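The values are calculated or read from the model by the stated rules, or taken from the named source; none is laboratory data. Remember, predicted model here, so these are calculated numbers, not experimental data. Reconstructed Cβ throughout: ideal geometry from the backbone, glycine too, with neighbour counts over all protein chains shown.
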Amino acid sequence: MTMRSALFLSVAVALFALGGTDAYAQTPSKTNVQPYVKPAAPLTDAQKQDLKRVSTYLNGLKQVQGRFMQIAADGRSTQGAFYLKKPGRMRFEYDKPNPNLIVADGSSVAVSNANLKTTDRYPLINSPLKLLLSENIDLSSDRRVVSVQREAGTLSFTARETSGPAQGSITLLLADTGSALELRQWEVLDAQGARTRVVLNDLHQVADIPPRLFVIQELSPFKKRD
């Protein structure tokens, strides 16, 4: 896995569909032998109802922005701003000196590195972002969801991917007042056993987000520019 594809997985996968790495790079595993995973117990009706609430909440995030802090397995942290506009558009803008930028424009996801002058693209339809950026999420019928937990003031659920390039699990935690939910953080456990945590701050809906934030700028000198 290249450094830039690792970055793509660290954010795109961590956003919803499992996997994750350090914000700058990933140390490849020497082996790819996956440990035995005990099958999850069937979800209860109450847990499915909780997942329906979460799905309704996520489906209501039409245009939002906020700040994020990404904490790698070794304790290093990076921060930045993110923007989401459904359907299909998202921007993760890391604070300097991190040179990386991730943009989804509705059809592609691009990871750009300003220092290296590179832009790598991935089809949005094949990426984990596709689910988060869709308008009809239904977690209650998603077989990757293996557990739902309630604690005082919080609701969390864990989803697991057992095959493909994004093997691992992710736990999303939401604040729960009983009448409202708010996404606060997620924690990723990747196939190599490394944990990455992303904490959200100042998450809020906005009336509009400038379309220019979702335009992919081609930095690679030997590729055709848009």
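A compact table of results
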| quantity | calculated |
| --- | --- |
| Conditions (1) at negative phi; (2) outside any strand (DSSP E or B); number of the one not met by Ile102 | (2) |
| Cross-chain or 6+ apart pairs with Cβ under 7 Å, segment 187-199 first and within 11 Å of Thr78 (Cα to Cα), then surrounded by fewer than 24 Cβ atoms within 10 Å (Cβ to Cβ) and among the hydroxyl-bearing types (Ser, Thr, Tyr) | none |
| Residue identified as at pLDDT below 90 and either under 15 Å from Gln217 (Cβ atoms) or crowded, with 20+ Cβ neighbours inside 10 Å (or both) among Ser108, Ser112 | Ser108 |
| Residue match in segment 67-82 (condition: farther than 25 Å from Asp202 by Cβ, in a strand (DSSP E or B) and out of contact with any His (no Cβ under 8 Å at 6 or more places or on another chain)) | no |
| Top-ranked residue in segment 115-167 [being surrounded by 13 or more Cβ atoms within 10 Å (Cβ to Cβ), of a type in the set (A, V, I, L, M, F, W, C) and part of a loop (DSSP other than H, G, I, E, B); ranked as modelled with the lowest pLDDT] | Ala166 |
| Residues satisfying the stated conditions in segment 71-106, i.e. without any contact (Cβ under 8 Å) to a residue 12 or more places away in the chain and within 14 Å of Val198 (Cβ to Cβ) | Ser77 |
| Single unsatisfied condition, Met90 versus (1) under 15 Å from the mean Cα position of the chain (by Cα); (2) among the aliphatic types (A, V, I, L, M); (3) surrounded by fewer than 19 Cβ atoms within 10 Å (Cβ to Cβ) | (3) |
